[in-house]
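Comments concern the structure below.
The values are calculated or read from the model by the stated rules, or taken from the named source; none is laboratory data. Note that the structure is predicted; figures quoted are calculated from it, not measured. Glycine also receives a Cβ, built like all others from the backbone with ideal geometry; neighbour counts cover every protein chain displayed. All accessible areas refer to the heavy atoms of the entire protein, side chains included, with ligands and DNA or RNA removed. Shrake-Rupley method; radii C 1.70, N 1.55, O 1.52, S 1.80 Å.
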Amino acid sequence: MSVSQDDRLKAEIDERVPDLVAMRRDLHEHPETAFEEVRTSAIVAQRLRALGFAVQTGIAQTGVVGLLQGSGGAEGDVKTLAIRADMDALPIHELTAVDYRSQIDGKMHACGHDGHTSIALTVADILSKRRAELKGNVKFIFQPAEESIGGAEPMVQQGAMQGVDNIIGLHLISNQPVGRVGVRAGSVFASADKLKFVVHGKGGHGGMPQTAVDPIVIAAYIITALQVLVSRESSPFSPAVVTIGMINAGTASNIIPEYVEMHGTMRAFTATQRAYLERRIQEIAGGVALAMGGSCEVEVFDGCPPCVNDPVMTELVYQAAATTVGEQAVDTGEDILTTGADDMSYFLNTVPGCYFIVGAQNQEKEAIYPHHHPRFNIDEDALPIAVEVLTRAALDYLK
Ligand SMILES: [Zn+2]
Ligand SMILES: [Zn+2]
């Protein structure tokens, strides 16, 4: 890409920054949670239609897909790159003091998805004006319900990825400074599975334990035994997490209860490690309970696979990021890994792609709080950076 073209793209982005920021703030004021993104998806669909895209709505309830057809030929003959954004907010009451804070009690864009949606719409606008340069198509995918329930999987099932060869997307991140971009091949976001254990014993009098099977003692051994999955059975080079976050049992100090219920989460970075943990959690919990005269039912559910980046697509994004922020501001190390999960993985499991991160932290603007925190915010200077990386990657991919 020549210098004059570079300057032209920067200018095209600059002139859209006021709209980009206004759009993000409007979405921020009107957060909508999983599968209720009615207002948000209407704005998305209306903007995509205004650009002349073929638009599909109601995919996975509130998901929207817009197809920008380049000059290179009909869909099917040429390559199609998908750009994915998520639209949902969280059930959190916002505590920031910004004048565009959430107008809806108990709901907040505390993960930056308002930014993702505005970024993708801005990229759509820029690329629509450069249609003649695109020897292929760009499919914009706006998914609902990234947080907890998962909108990506039903969108894939309902055909959102039809005709797509590759996909890219990004997450704004408040623990990396604005101006930095993180791009890395391989696993970047962990898998996340919920765990539910019901430990059955035999209830009885707290003073006469010999007549009972104490499920609380069994549960304590299970919790301890599960720790070996990470400390002894996982490679030090293969990160994993098993956390029990909730435990409920009993009604009085002198009663041995009938059962204990525990809930937890399990994280892994590869499909193999994830399958291994799932199997061993069942074996350990079941085995320990059996050895102590009880039993344990284990459920592993609501799982989201790890996000695994394709090396070729990662190189494409890396080059786009290096051109945008300079090579020294692109991170490719382990710092950018997270044991957070993202259902972008369902798209990445369908076609090779790259999910990257864009730093949005800034002390001076109080954009320092972690994601899902009631004071979470992003430095909006991250928005045009993200737009530029996505646009450059798309232009390069379809040149
Ligand atoms: Zn989140
Ligand atoms: Zn998120």
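Taking the options 36, 12, name whichever one is in a loop (DSSP other than H, G, I, E, B) and either open to solvent by 50 Å² or more (accessible area, probe 1.4 Å) or on the phi < 0 side of the Ramachandran plot (or both).
Being in a loop (DSSP other than H, G, I, E, B) and either open to solvent by 50 Å² or more (accessible area, probe 1.4 Å) or on the phi < 0 side of the Ramachandran plot (or both) holds for just one of 36, 12, which is 36.
Given the structure, is residue 245 part of a loop (DSSP other than H, G, I, E, B), among the small types (Gly, Ala, Ser) and open to solvent by 20 Å² or more (accessible area, probe 1.4 Å)?
For residue 245, the condition - part of a loop (DSSP other than H, G, I, E, B), among the small types (Gly, Ala, Ser) and open to solvent by 20 Å² or more (accessible area, probe 1.4 Å) - is not met.
Residue by residue, here is whether (1) more than 16 Å from ligand 1 (Cβ to nearest atom); (2) open to solvent by 30 Å² or more (accessible area, probe 1.4 Å) holds:
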position	(1), (2)
129	yes, yes
144	no, no
150	no, no
164	yes, no
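On the given criteria, is residue 380 surrounded by fewer than 18 Cβ atoms within 10 Å (Cβ to Cβ) and modelled with pLDDT of 95 or more?
Spelling it out, it is not the case that residue 380 is surrounded by fewer than 18 Cβ atoms within 10 Å (Cβ to Cβ) and modelled with pLDDT of 95 or more.
If I filter the stretch 98-115 down to residues being open to solvent by 10 Å² or more (accessible area, probe 1.4 Å) and not hydrophobic (A, V, I, L, M, F, W, C), which single residue comes out as nearest to ligand 1 (Cβ to nearest atom)?
Within the stretch 98-115, the match that is nearest to ligand 1 (Cβ to nearest atom) is 107.
Any idea which of 143, 103, 176 is closer than 16 Å to residue 37 by Cβ, in contact (Cβ under 8 Å) with a residue 24 or more places away in the chain and in contact with a strand residue (DSSP E or B) (Cβ under 9 Å, 6 or more places away or on another chain)?
143
Is the stretch 90-97 home to any residue that is crowded, with 24+ Cβ neighbours inside 10 Å, in a loop (DSSP other than H, G, I, E, B) and of a type in the set (Gly, Ala, Ser)?
Checking the stretch 90-97: not a single residue is crowded, with 24+ Cβ neighbours inside 10 Å, in a loop (DSSP other than H, G, I, E, B) and of a type in the set (Gly, Ala, Ser).
So which residues in the stretch 73-93 are within 21 Å of the chain's Cα centre (by Cα) and either over 17 Å from residue 371 (Cα atoms) or within 16 Å of ligand 2 (Cβ to nearest atom) (or both)?
81, 82, 83, 84, 85, 86, 87, 88, 89, 90, 91, 92
Do you know which residues across the stretch 189-220 are closer than 19 Å to residue 277 by Cβ, of a type outside the set (A, V, I, L, M, F, W, C) and buried (at least 18 other Cβ atoms within 10 Å of the Cβ)?
Of everything in the stretch 189-220, those that are closer than 19 Å to residue 277 by Cβ, of a type outside the set (A, V, I, L, M, F, W, C) and buried (at least 18 other Cβ atoms within 10 Å of the Cβ) turn out to be 191, 193.
Name every residue in the stretch 341-370 that is over 17 Å from residue 179 (Cα atoms) and touching a strand residue (DSSP E or B) at 6+ places or on another chain (Cβ under 6 Å), in order of residue number.
341, 342, 343, 344, 345, 347, 348, 351, 352, 353, 354, 355
Restrict the check to the stretch 297-311 and report whether at least one residue is more than 19 Å from the chain's Cα centre (by Cα) and either aliphatic (A, V, I, L, M) or within 16 Å of ligand 2 (Cβ to nearest atom) (or both).
So far as the stretch 297-311 goes, yes, one or more of its residues are more than 19 Å from the chain's Cα centre (by Cα) and either aliphatic (A, V, I, L, M) or within 16 Å of ligand 2 (Cβ to nearest atom) (or both).
Output the residues belonging to the stretch 259-278 that are out of contact with any helix residue (DSSP H, G or I) (no Cβ under 7 Å at 6 or more places or on another chain) and either not polar (S, T, N, Q) or not in a helix (DSSP H, G or I) (or both).
261, 263, 264, 265, 267, 269, 270, 271, 274, 275, 276, 278
Give the residues of the stretch 354-399 that are in contact (Cβ under 8 Å) with a residue 60 or more places away in the chain, farther than 25 Å from residue 131 by Cα and of a type in the set (Asp, Glu), sorted by residue number.
366, 379, 380, 381
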